[in-house]
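What follows is a set of notes on a single structure, which appears directly below.
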C-alpha cells in the first residue's frame, strides 16, 4: 500500500444475502507531527496532529500522562511518528505509535522551541480539519529538522511563514505597488499590512505604511518561495534583517486571521526576561562575557 494513503485495517461482516463484505474500516495509520498537546482528565492527553495523508486532526491518547506508558514519549510536542488511530465518536483514539523523530537538539533550545511552536500554531490555525496538503507537511517537517540542527530563528520563521501564506492563498504582493501597479518601488520598500503588499514611495506617502523593508528583505521572502526552507536557512543573506521580516509576516498573518498568537507573546516574554538579566538573544552570553 502506498505511503501516501492511510493504511486501514479492515473489519468484515455479512450482508442480507450472506455475501461476505468489508465495511468501512475503523482503524488506520497516518504519518504525523504533534502540533499541540492539551492535558485531559488525570491521565490523558488530547493531541492536534498534522498528518501527511489526512491533514489536521485531533486525537485522544488515553493514559499517556502516565510516565511509564509507551505512549508518554510519543505524545510530546513536535514528535514525528506513525500514529495508529481508531475512529471515535468525537475524537480519534491513539492505539499505537511508532516514533520516527523526537528532535532532541531542538528541545534543548528554549528559543527554538518557541519558534517551532509558532510555526505549529500558525499552521494549525490556518487550515481546516481533514484537508491533506503534503507540501505543508513537508515544510513543517523541514522546519523542525533544521531547528534541531540549529539555525537563525528569525530566518527560519521568515521562510516558513512565507511558504505557509503562499500555500493558503494569502501571500502579500511584494513585486509591485498594490495601489498603482508600479514596479518602481525604490531602494526602501514600503509594506502595508491592510492593503496586502508593497507600495511605491508616492503611494506610501499618500496612504501610509507599516514597515520599511530593504530590497534584501523582499528578496528573502521571494527566495523562500522559490528555493524552499533548507536553501534559505543555509544562506548568509546580506542587507537583510530576518527579525524585521519575520515580525512583518507575523503581524500580516495575525491581521488576516484576526488572531493573536500565544507563542508570539511567550517569545516576547522570553526576550524581556533575557534583557532583564543582560543575556543575549540565545541566552549564552551575559554582559559580553561567556557564562
Quiz item: Restricting attention to the stretch 29-43, and to residues there that are surrounded by 19 or more Cβ atoms within 10 Å (Cβ to Cβ) and out of contact with any helix residue (DSSP H, G or I) (no Cβ under 9 Å at 6 or more places or on another chain), which single residue is nearest to residue 76 (Cα to Cα)?
Solution: 30
Quiz item: Yes or no: residue 99 under 26 Å from residue 257 (Cα atoms) and assigned to a strand (DSSP E or B)?
Solution: no
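Values quoted throughout were computed directly from the atomic coordinates according to the rules given, and no laboratory measurement underlies them. Given the structure is predicted, the values throughout are model-derived calculations rather than measurements. We place every Cβ from the backbone using ideal geometry, glycine too, and count neighbours over all the protein chains shown.
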